[in-house]
Amino acid sequence: MMDVSAELSRTLGKATLVEPGRLPAYATDKADFRGSTPAAAVRPRNAGDVAKALEFCNRRKLRVVARGAGSSLTGAAVPGGKWVVIDTSSLDRILEIHVQDRYAVVEPGATIGALNKRLARYGYFYPPDPASAAFATIGGSIGTNAGGLKAGLYGTTKDWVLGLEVVLPNGTVINTGSRTLKRSIGYDLTALLAGSEGTLGIITKAILKIWPLPEAHRMFAAYFGGMKGAVDTVAELEKLGIALSAAEFIDKSGLALVRKHNGIRIPPGSNYILIVETVSNKEAADRVLDQAIMIAKSNGALSTKPARSEGERADLFDARRHMLISSKEKAERTHRRVVIADIVVPLSQLHLSLREMHHAVARSSLDVILYGHAGEGNVHADIAYLPGDAKETKAMNALQTRFGEIAIKHCGSVSGEHGIGLEKKDLLKKEFAARSTSESIELMKRIKKQFDPNGILNPGKIFD
Ligand SMILES: Cc1cc2nc3c(=O)[nH]c(=O)nc-3n(C[C@H](O)[C@H](O)[C@H](O)COP(=O)(O)OP(=O)(O)OC[C@H]3O[C@@H](n4cnc5c(N)ncnc54)[C@H](O)[C@@H]3O)c2cc1C
C-alpha cells in the first residue's frame, strides 16, 4: 500500500509535511463537522509546492482539500478518509500594497485581520468582513465568497477580488483577472472561483481591491418590538443616501445571551436589536447619527442608544461578532452542537421570513437564535441539537429544510454567504428546482469536469 506521506515528503521535502500527530485536527472544522483524519497534510512554501503536490495527487487520483483556517460553517474544508489536505495558511505573506492603484497582492493564508492591520497604516482597508475576520484566511474567504458585517454597503468577497493565481489539479498555474479596477476579457474566471469551495483549483495568490478608510463612523443600537420597524429603518436610511457600513440584528433569544456577555441593557418589549453603523466625513458624522436615530424612532424603535465611545462601539460590535461563539458556548453546556442556517431574502421580505422562521422554531422543540445582516436580508439561525438524539436531529434537519423553503418562497437563496459545502446540497437542489433551473447544477458539474477531470478537488462539496 502506498505511504502517501512518505511519497509526498520525497516529492516536496520533509519540511512541508505536517507531523502525523497533528493530522486528526484536520478531520473537523470550527462548526464541528466530522470528516476523517487525512492520509497526509502539506503546508506549502510557494505555488511551486502546491503545483507539485497537486500533480502528485492527480496522477494517483488522491482526493485533495484546500484548507485555510477551517472556519467555514458547512463542512466545506473537511477531508474524507485517505485524502490529502493542502493547508494554505502557511502562505501568509502580504506581498504588495498599491494605494494609488487601489489594490494589494496577498498570499491565500494571510488572514483578513492581518491584511486590514497592514492596510490601516496607509489609511486603507479591505471591506469583506465576516465575523471571523480575525482568523479567516483570504483563500478560504474567497473559497466561500464570504460576506459579513459590511456587505450591505460594500458587497461580498467576489466584488473585491480583481485577479487570482490558481493551481489546477494537473499542476498548471493560471492567472485570472488583472491588476485593474475593471476589465472585460471574456468569461470571468475570477468570479467563478469565488465561492467555488476549493473544487476547481487552489488559490496561491490574490489581487484584492482596497478602499480608503472612511473618515468617521458612528454607531447606535435601536430596540424594536417587531422586525418590520427595523427593516423600514434600514430602507429609509438607504433611500436617504446614508451609508450604512453595518445594519445587524439579533432576536430576543440572542439578546438574552448578549445581555449576559456584554452587560447590554434591553428595554422591556424588545424582540429585536438593530445595530447600525454609519460612515461619512467628520463634519457630517454627528448630524448623520442624529438623523439616523430619528428615523429609527419614527419607525417605532422602543429605545435607541448611541455608542458614546470606542469602548461602547466595540461592545456592540463584539456582541454581534461573537453571537455564534456565544450560542456555541451555551449549547456546549448541555453537550449540544450548533448548526447554522444562512438564508438570504430581499430586504422587503426580511420581516415576513423571520415571522415564518419564528413560527417554525416555536413548533420545534429546539433552542434557536435568529440574527444576521439586515442590510442584505441575510438571516443566520443557530440551531442547537443533541447529535446522538434521533428526535432532535430530525427536528434540526426539518428546521434547516423549512428555513430553506421560506427563503425560496420569498425569492431568496438557501445560502447568503456560508456556501453549500456538505450541508446544503439538498437545499441547493431545491432552490434550483423551484426556479426551474435544475440544468444549472448540471452546467456547474460540467465546469468542474473541465477544471478537474479526475474529480480530485474537494469532491462531494456543493453537489455530489
Ligand atoms: C465565529 C464565526 C463567524 C463567522 N462569520 C461569518 C460571517 O459573518 N460571514 C461569512 O461569510 N462567513 C462567516 N463565517 C464563516 C467563515 O469564517 C468564512 O466562510 C471564512 O471565509 C472561511 O475562511 P477559512 O480560512 O476558515 O476557510 P476554510 O474554512 O479553511 O475553507 C473554506 C473553503 O475554501 C476552500 N479554500 C481554503 N483555502 C483555499 C485556497 N487557498 N484555494 C482554494 N480554496 C480554498 C476550502 O477548501 C473550503 O471549501 C464565520 C465563521 C465563524 C467560525
query = In terms of modelled amide H atoms, which long-range or inter-chain residues lie less than 5 Å from the amide H of TYR124?
reply = LEU213
message = Just to be sure I understand the model, the point goes 7 Å from the Cα along the line to the Cβ. What's the resulting ALA6 to LYS429 distance in nm?
response = 4.2
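Can you compute the FRET efficiency between GLU215 and LYS82 using 1/(1 + (r/R0)^6), with r the Cβ-Cβ distance and R0 = 51 Å? Round to the nearest 0.05. Don't skip to the end; give the middle numbers.
Values: r = 54 Å, r/R0 = 1.05.
Step by step, r from the Cβ atoms, then E = 0.40.
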task = Taking a cut-off of 20 Å between Cα atoms, list the lysines near LYS82, but don't count ones fewer than 8 places away on the same chain.
result = LYS14, LYS52, LYS61, LYS461
task = Just grab the label-to-label distance for LYS297 and ALA191, each label 7 Å out from Cα along the Cβ direction, in nm (one decimal).
result = 4.4
request  = Would you compute, from DSSP H runs of 4+ residues alone, the mean residue ellipticity of the chain at 222 nm, taking -39500 (n - 2.57) per run and dividing by the full residue count, rounded to the nearest 500?
outcome  = -11000 deg cm²/dmol
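How high is the FRET efficiency between ASP286 and LEU95 when r is their beta carbon distance and R₀ equals 30 Å, given to the nearest 0.05?
Numbers: r = 40 Å, r/R0 = 1.32.
Efficiency computed from Cβ-Cβ geometry: 0.15.
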message = Quick check: from the Cα gyration tensor, does region 331-447 come out rounded (a/c under 1.5), prolate or oblate?
response = oblate
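About the Cα centre, and with charges only on the beta carbon of Lys, Arg (+1) and Asp, Glu (-1), how big is the dipole of region 24-93? Nearest 20 debye, please.
Computed about the Cα centre, the dipole is about 280 debye.
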query = Taking neighbour counts of Cβ atoms within 10 Å as a proxy for exposure, in what order, fewest first, do TYR122, TYR385, TYR272 appear?
reply = TYR122, TYR385, TYR272
inquiry  = Using Cβ contacts closer than 10 Å as the measure, can you line up ARG43, ARG67, ARG446, ARG102 from fewest to most?
reply    = ARG446, ARG102, ARG43, ARG67
task = For ASP367, enumerate residues with amide H under 5 Å from its amide H, sequence gap 5+ or separate chain, H modeled in the peptide plane.
result = ALA384
request  = Could you list ASP49, ASP318 in order of exposure, starting from the residue whose Cβ has the fewest other Cβ atoms within 10 Å?
outcome  = ASP318, ASP49
Sites matching chymotrypsin sites (Phe, Trp or Tyr not before Pro) across region 181-233 that sit in DSSP coil, with at most 14 neighbouring C-beta atoms within 10 Å = TYR187
note = Flagged as over-length at 24 Å C-alpha distance, from LYS158/LYS305; LYS117/LYS297; LYS158/LYS228; LYS158/LYS182; LYS117/LYS252; LYS30/LYS424, the pairs are LYS158/LYS305; LYS117/LYS297; LYS158/LYS228; LYS117/LYS252
request  = Return one number: the angle in degrees, 0 to 90 and rounded to the nearest 10, between the long axis of the Cα atoms of helix 439-451 and the longest principal axis of the Cα atoms of the chain.
outcome  = 40
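Any read-out appearing in this document is the output of simple, stated calculations on the displayed coordinates, not a laboratory observation. In this text the structure is predicted, and so the values were computed from the model without any measurement. All Cβ positions, glycine included, derive from the backbone under ideal geometry; neighbour counts span all protein chains shown.
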